[in-house]
Every structure is written in structure tokens, then in C-alpha cells.
1. Quick check on my filter: what residues within the range 88-103 are farther than 14 Å from V179 by Cβ and in a strand (DSSP E or B)?
2. Which one of these does E190 not meet: (1) part of a helix (DSSP H, G or I); (2) more than 16 Å from ligand 2 (Cβ to nearest atom)?
3. Please determine whether any residue of the range 307-330 is touching a Cys at 6+ places or on another chain (Cβ under 7 Å) and of a type outside the set (V, I, T).
4. Between residues in the range 277-295 that are farther than 16 Å from Q253 by Cβ and in a loop (DSSP other than H, G, I, E, B) and residues that are of a type in the set (A, V, I, L, M) and more than 16 Å from ligand 2 (Cβ to nearest atom), which pairs lie under 8 Å by C-beta distance while being six or more apart or on different chains?
5. Listed residues A176, A204, A169, A194; which is modelled with pLDDT of 90 or more and farther than 27 Å from S81 by Cβ?
6. Which of the strands (runs of 3 or more DSSP E) contained wholly in the range 381-456 include at least 2 residues that are at pLDDT 70 or above?
7. Considering only the range 116-148, state which residues are out of contact with any Leu (no Cβ under 8 Å at 6 or more places or on another chain) and either away from ligand 2 (no atom under 13 Å from the Cβ) or assigned to a helix (DSSP H, G or I) (or both).
8. Of the residues V321, V271, which is surrounded by 18 or more Cβ atoms within 10 Å (Cβ to Cβ) and modelled with pLDDT of 90 or more?
Amino acid sequence: MAPRGKSSFACRECGYVSPGWLGRCPGCQEWNTIEEVAPARTIPRGAGGRGAGAAVAATTHAASAPLRLSDVDPASQARLSTGLTEFDRVLGGGLVAGSVVLVGGEPGVGKSTLLLQTLLDMEARGVATLLVSGEESPAQVKLRSVRLGGEGSKLRLLAETQTESVIMALEQLKPALCVVDSVQTLWSAEVGSAPGSVAQIRDATAQLLRVAKDNGIALVLVGHVTKEGELAGPRVLEHMVDAVLSFEGERAQPFRILRAVKNRFGSTNEVGVFQMAEKGLEEVPDPASVFLEEGDLRSGSVVVPVLEGTRCLLAEVQALVAQSNLAMPQRVARGVDRNRLAMIVAVLTRRARLPLYKFDIFVNVAGGLALEDPAADLAVALAIASAWRDGSDGHGIAAFGEVSLTGKVRYVLQGEKRIQELARRGFPQILVPGNATWKTCWRSKCSPASSRGAAR
Ligand code: TYD
Ligand code: MG
């Protein structure tokens with residue numbers, strides 16, 4: 001344990017730092033998540049280092065004399081292609097030497113598969129790589145690599161969980177790319193807390209970061225997410241690493257989205273779309289309509305073009321409205337925020353006078369997409385209204401727009417782009433907010449929607 005008075009306390013879930021122990025975290029309101037964190041260790045640098053005493057947190061190997069910006073060589077940030085165009089796209093053109101990327105996602109989403117594919121591809125192209133596997137045994141990694149078509153690969157593998165041993169291997173081998181799967185398994189006896197704790201994760205990351213920067217190693221750390229969808233202990237890591245990517249998707253569905261949450265070397269406006277297949281992840285270069293269900297649209301289902309970074313994806317919102325016998329009718333949402341659904345139902349009830357308080361409402365987004373774009377509001381409202389009527393007016397409808405509490409449908413960003421994507425897929429009818437410029441551009445194809453439009 002660290003000497004008293006010198007250590008601080010941090011929340012395991014959200015990274016909230018407090019000077020003393022608390023039963024409940026003021027940051028995320030979770031109970032029993034605050035734990036003691038030892039002060040940052042001071043460690044001597046390896047061969048060629050600038051002497052002992054550099055704090056772990058001081059990770060950049062900045063020269064002591066200031067540089068002129070004009071003298072900085074941008075070519076020193078050459079990119080390493082991962083072999084997967086979609087992955088490169090999210091990174092902003094590939095991995096940067098000396099950078100640290102954190103890849104988060106729920107168990108089973110395919111993080112290990114994605115990174116093993118990258119390692120195998122790079123190794124086959126003659127790039128020196130290293131996989132540090134703290135979760136899977138070498139035999140398990142081998143089995144997976146056979147499945148991915150890399151049985152003969154010379155990829156170097158280190159089944160190790162001790163931070164110091166990993167650092168030593170990195171300093172000796174100096175690979176161009178190192179993947180650590182996962183950062184939560186790393187631990188050091190010098191940090192006085194249990195493996196997986198904030199203190200251990202933070203210490204391991206700080207040390208790895210220093211070695212990566214000093215040796216120009218592109219380092220990828222795999223991190224687990226908690227049930228709330230947050231990377232465990234990651235608020236503490238987010239500011240340390242150069243990029244944070246999140247790998248999302250439903251396990252039962254084949255499609256996966258890779259998203260940049262933070263990126264010091266590129267835009268956070270890019271997503272990569274993959275499909276989990278028999279032999280690993282396949283890229284989906286034109287993902288616009290892969291999330292649509294096959295066959296004709298039925299009543300209660302409306303297509304909405306949502307923006308994912310610079311891409312426009314078509315999502316299908318399905319609703320079912322059934323007579324309820326409950327005092328509190330059910331509102332069940334998958335792929336749509338529950339509070340957002342409650343608001344839309346309230347707007348439909350009050351502004352469009354649909355007697356929805358007598359009905360159970362189920363809303364689902366096909367293909368396992370989770371919609372965050374407010375443009376989906378109108379599609380959700382129309383899907384519910386059309387399911388309630390159960391008539392034929394919902395057939396083949398595409399719509400987008402943000403629904404306000406007053407019942408108005410508001411303008412959303414990049415309307416033209418969304419309409420073009422729908423037009424490309426041949427949607428006969430598109431409902432959009434009545435914005436003047438679009439009406440002139442698309443008068444022949446679109447009918448402006450209003451709160452009344454949403455109700456009928
Ligand atoms: P994995 O990559 O281990 O996920 P994570 O590291 O994020 O926990 O596994 C993902 C799932 O994908 C696993 O349940 C099996 C499946 N899978 C395939 O469908 N095809 C494949 O080629 C591979 C390797 C895995
Ligand atoms: Mg894994």
C-alpha cells in the first residue's frame with residue numbers, strides 16, 4: 001500500500017478523483033466504486049534514457065530545448081496501414097508510430113478478431129508486430145488465427161500479464177505494432193492494488209505509453225466496457241491515449257460499427273462498418289442500406305437516413321402498437337433511447353390526439369443499429385402512428401426530422417445528403433421538414449411534413 005497521506009482515491013467506473021474514501025461516487029452515483037490509488041511511481045528509464053526520476057505521467061520524450069514549429073517534421077508521423085480500409089479510415093489514414101490507441105467494446109463484439117486480423121495482415125507484409133495476450137492462451141490465439149486464414153503466420157505472441165515483462169519485451173523487440181489484449185489484465189506488484197483496478201490500469205498505460213513514444217511503437221490497447229457502455233476505468237485512460245475507438249454492434253447481428261470517440265491524428269467524424277462472417281470481419285464499403293430488412297416495408301415501419309460521421313446509413317424503424325390491459329402500458333424500445341420514445345409518444349398523444357395511453361408500444365430498429373441522430377424522431381413518430389392505424393399509408397415511406405415538444409418537425413443537418421441517399425435507393429415518398437431551400441431543390445420528389453402530417 002502507498003504511504004498514508006500521499007495516495008488519492010478514484011472511482012473505478014468514471015474516474016472521479018477525491019481526496020478521501022467515499023461510499024458513493026459523486027461523479028456517477030455508483031456505490032462502492034471508489035478505491036485508493038497510489039501516487040504515480042517514479043521509474044528509471046531504460047537504456048539510453050534521460051535518467052531516473054521522470055514521473056510516469058511525463059511520457060513525451062520532449063527535448064528540453066523548445067523547437068520552432070517551422071522546424072517540426074510532419075513526415076515523422078508516417079502512417080502504418082492496418083490492411084483494413086475501414087479501420088484505416090477511422091484512424092484517419094492508418095496507425096501512427098509512437099501513438100497509443102484504445103479500442104473499447106463489449107465482450108464478444110469482435111475486438112480480438114479485428115486486431116488479430118490486423119496483426120496477421122501486417123506481419124504478412126513484413127511489419128514487425130507483437131501480440132500481448134493476457135486473456136487468451138497461445139493455443140486459443142492459434143485457433144483463432146487458423147480461422148482467420150493465418151495458420152502459418154510468424155506473428156510474435158507473448159502470453160503475459162505482468163507490466164514489467166511486457167515493457168521489457170517491447171524494449172527488446174521494438175515492434176512497429178504492439179497489441180495488448182486487454183489492458184485490464186496487466187498488473188504490477190509495485191502498485192498496491194488488485195489487477196483490473198484503476199490504479200493498475202493507469203500505471204500500466206502510463207508505462208506502456210512511455211515505451212511506445214520512446215521507441216516509435218504503434219500501441220493498441222484493448223479495453224472492456226462496463227454495463228453502462230463505458231470503458232472500465234477509461235475516463236482515466238482517455239486523456240492519456242491519442243485515440244479512443246469504440247467497437248459497437250449486437251452480438252446476435254452480423255454488423256459492427258467502429259467509431260472514433262477521440263482522435264489526435266484524425267477526425268472523429270468517421271465510422272467503419274464491418275460484418276462478422278465465418279472467417280473473421282469483412283469490410284462493408286457501401287453500408288448505406290445493409291441495415292434495412294429485406295422485402296417490402298409494411299405499415300408500422302419507416303426508413304430514416306441517419307448520419308454516422310460523414311456517412312449516411314438507412315435505418316428501418318419498426319413499431320408495434322397493441323391494445324393494453326395494463327394500468328401502465330408498456331413502452332419498449334430497442335435501438336432508440338427510451339426517454340426519446342416517451343417524449344415522442346407524449347407529443348403524438350397531446351398534439352396529434354392519438355389515444356396511445358391505451359396501447360402498449362414496441363419500437364425496434366432493424367439490424368441492431370442504435371439511433372442517436374435526432375433526425376430519427378419523425379420516423380419513430382410515423383412508425384407508431386402508422387402501426388396504430390394499421391392502415392396502408394406506411395408503405396415505402398422514408399422520413400427524417402426532429403420532433404419538438406410543440407409538435408413541430410424541425411430542420412436537421414445535411415438534409416440534401418440524406419435525400420440523395422434515399423433517392424439513390426429509389427424511395428418513392430420522402431417526408432422532410434418544410435425547409436425553404438429543400439422545397440425548391442426537391443419540390444418534385446418530397447412532401448414537407450408538419451405535425452399534422454406526422455399524425456395522419
Ligand atoms: P472476439 O473477437 O473474441 O470478441 P471480443 O474480443 O470483443 O470479446 O469474438 C467475437 C465473436 O465473433 C465470437 O463470439 C465468435 C465470432 N466470430 C465469428 O463469427 N467469426 C470469426 O471468424 C471469428 C474469429 C469469431
Ligand atoms: Mg477478446
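The values are calculated or read from the model by the stated rules, or taken from the named source; none is laboratory data. Everything numeric in this text was worked out from a predicted model, so none of it was measured. Using ideal geometry, Cβ is built from the backbone for each residue, glycine included, and neighbour counts are taken over all protein chains shown.
1. Matches in the range 88-103: V96 only.
2. Among (1) part of a helix (DSSP H, G or I); (2) more than 16 Å from ligand 2 (Cβ to nearest atom), the lone unmet condition for E190 is (1).
3. Going through the range 307-330, the residues touching a Cys at 6+ places or on another chain (Cβ under 7 Å) turn out to be none.
No - not one qualifying residue is present in the range 307-330.
4. A288/L313; A288/L314
5. Details: A176 fails: farther than 27 Å from S81 by Cβ; A169 fails: farther than 27 Å from S81 by Cβ; A194 fails: modelled with pLDDT of 90 or more.
Answer to the check: A204.
6. Numbers: elements: 397-399, 429-433, 446-449.
It comes to 397-399, 429-433.
7. Narrowing the range 116-148 to residues out of contact with any Leu (no Cβ under 8 Å at 6 or more places or on another chain): 124-126, 135-137, 139-140, 142-143, 146-147.
A124, R125, G126, A139, Q140, K142, L143, V146, R147 - these are the residues of the range 116-148 that are out of contact with any Leu (no Cβ under 8 Å at 6 or more places or on another chain) and either away from ligand 2 (no atom under 13 Å from the Cβ) or assigned to a helix (DSSP H, G or I) (or both).
8. Numbers: V271 fails: modelled with pLDDT of 90 or more.
Answer to the selection: V321.
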